[in-house]
Structure formats: C-alpha cells, structure tokens
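One structure below.
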Amino acid sequence: MLLYNLLLLLRKIINYQYRKMKKLVLILGVALSVLACNKTETNSKEFKTAYINTSEIIEKYEKFKDEDDKFKVKSEELGRPLEAKVRAFQAEAQNFQKNAQAKGPQWAQQMGASLQQREQQLGMEQNALIQQLQQEGAVLKDTLISEVKKFIKDYGKKKGYDYVYGTGDAATILYAKDNYDITKDVLKELNEAYKSTKKDDKVATKEEEKK
C-alpha cells in the first residue's frame, strides 16, 4: 500500500501537523482562563474584574495568523525534498512492475530488494519529518501562548484589575455582563504592539541590506 500512496500520505501528514498545531494553540488558549493580577486592596470585598474571550484573541490576533501561515509554508518546504524522493521511488516501482517479467526472476529479486530497502528509508525520513514538525510546532505554540499570557498580565496590572478571567472553549465563566468584556481592548493593544514590532523588524532589515 505504501508503494503507491506514500506521497499522498506524506501530504496528509504535513497538513495534519499544521492543523494539529492550530488546534493545540486553540486548546491551550484556555491556559489564559484565569490570570490573577497583584491585588491593591487585599482586605476589600470589592475587586476590579474583567474577562477576555480567549477564542476571539486566538482567532483575531494577527501574530497568531501570521505564524500559522509561516508554519504551513515551512512545513511544505520541509516536505518537498521527501516528496521528490517519493515521486522518483514511485516511478521506479512502476517501471519495476512493467519489466519484472521480461528481465527475469534474478533481476526482479535484486531490484525488488533494492526497492524495499529504499521504501524503508523513505519511511524513516517521513517519521523524522513528522517528529521535527511536532517539535517545532510545540515550541511555536508555547512561545505564542507565553507572549499573550504575559501581555494580558501586564495589561491587567496597568489597568488596575485584580482578576482577569477567560472565556471561550472550555470556559470557566458561564455568564458575565458585557461591560466586563475587555477582549476588544486587549486585542487592539496586542495587534498594535505586534504591528510596531513588524515595522521595527522591517527597518532593521533595510539597514542591514544597506551595509
């Protein structure tokens, strides 16, 4: 079965790893569920609280979308050399089937053993690629989640909140008044900070090119 479908399987695996990375980022967005900020009045019964829709943050934060696109492109680029090897293998396998009877059993046995060995090697390379994509996806996921958690924690301190809760998938809040929703405010500042970083990176790149 692998003889004819390894290329198709490889493409499915690359796309699966990309979707899995996105799904993990979404699931781990729940890690933003409850962020406690420093309390200014520990003995007071009144606390300044708000909540954030974590699913909306993940969906609309531009850096998440940009990094998703970059990861998909990188996954496809990493898979191209192996795809080329698989295509070459398929062509040789088809040629083997056409010529096996004409060239005799000895040739067929030797060529069949060689193809089997190459098939096993392709399988090993495929597994190595899957592992690499999993590891890089996990690092990217953890980095993005940590960045957003830190941003929200700093935002909460700056605005004087005692608690900032999270809603969305696997929500811990079943009801809250809309005026406690600060998602759009946080999302706006997140994207503004990210755009500023992108501009700085472009300027630095141009300066490097001038040197």
Next item on the list: Find all pairs meeting these conditions: Cβ atoms under 6 angstrom apart; at least six residues apart or on different chains; first residue within segment 180-201 and within 12 Å of K60 (Cα to Cα); second residue open to solvent by 70 Å² or more (accessible area, probe 1.4 Å).
Entry: L187/K60
Next item on the list: Identify the residue in segment 164-211 that is surrounded by 13 or more Cβ atoms within 10 Å (Cβ to Cβ) and among the β-branched types (V, I, T) and, among all such residues, is modelled with the lowest pLDDT.
Entry: I173
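Here is a list: G123, G104. Which entry is over 31 Å from the mean Cα position of the chain (by Cα), over 30 Å from S196 (Cβ atoms) and open to solvent by less than 70 Å² (accessible area, probe 1.4 Å)? Break it down stepwise before answering.
Values: G123 fails: over 31 Å from the mean Cα position of the chain (by Cα).
From the options G123, G104, the qualifying one is G104.
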Next item on the list: Identify the residue in segment 60-84 that is open to solvent by 60 Å² or more (accessible area, probe 1.4 Å) and free of Cβ contacts under 8 Å to residues at least 24 places away in the same chain and, among all such residues, is farthest from G137 (Cα to Cα).
Entry: P81
Margin query: Six or more apart or on different chains, Cβ atoms under 8 Å: show the pairs whose first residue is in segment 129-142 and among the β-branched types (V, I, T) and whose second is in a helix (DSSP H, G or I) and surrounded by 13 or more Cβ atoms within 10 Å (Cβ to Cβ).
Written below: I130/I13; I130/Q17
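Taking the condition of being in a helix (DSSP H, G or I) and at pLDDT 50 or above, how many residues in segment 23-74 meet it? Lay out the reasoning, then the answer.
Residues of segment 23-74 that are in a helix (DSSP H, G or I), as a first pass: 23-32, 54-60, 62-74.
Subset that is at pLDDT 50 or above: 23, 31-32, 54-60, 62-74.
Count: 23.
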Margin query: hydrophobic (A, V, I, L, M, F, W, C), more than 30 Å from E59 (Cβ to Cβ) and within 20 Å of the chain's Cα centre (by Cα): which single residue out of A128, A84, A91 fits that description?
Written below: A128
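The values are calculated or read from the model by the stated rules, or taken from the named source; none is laboratory data. Quick caveat, the model's predicted, so the values are computed rather than measured. All Cβ positions, even for glycine, are placed from backbone atoms using ideal geometry, and neighbour counts span all protein chains on display. For accessibility, only protein heavy atoms count, side chains too; no ligands or nucleic acids. Shrake-Rupley method; radii C 1.70, N 1.55, O 1.52, S 1.80 Å.
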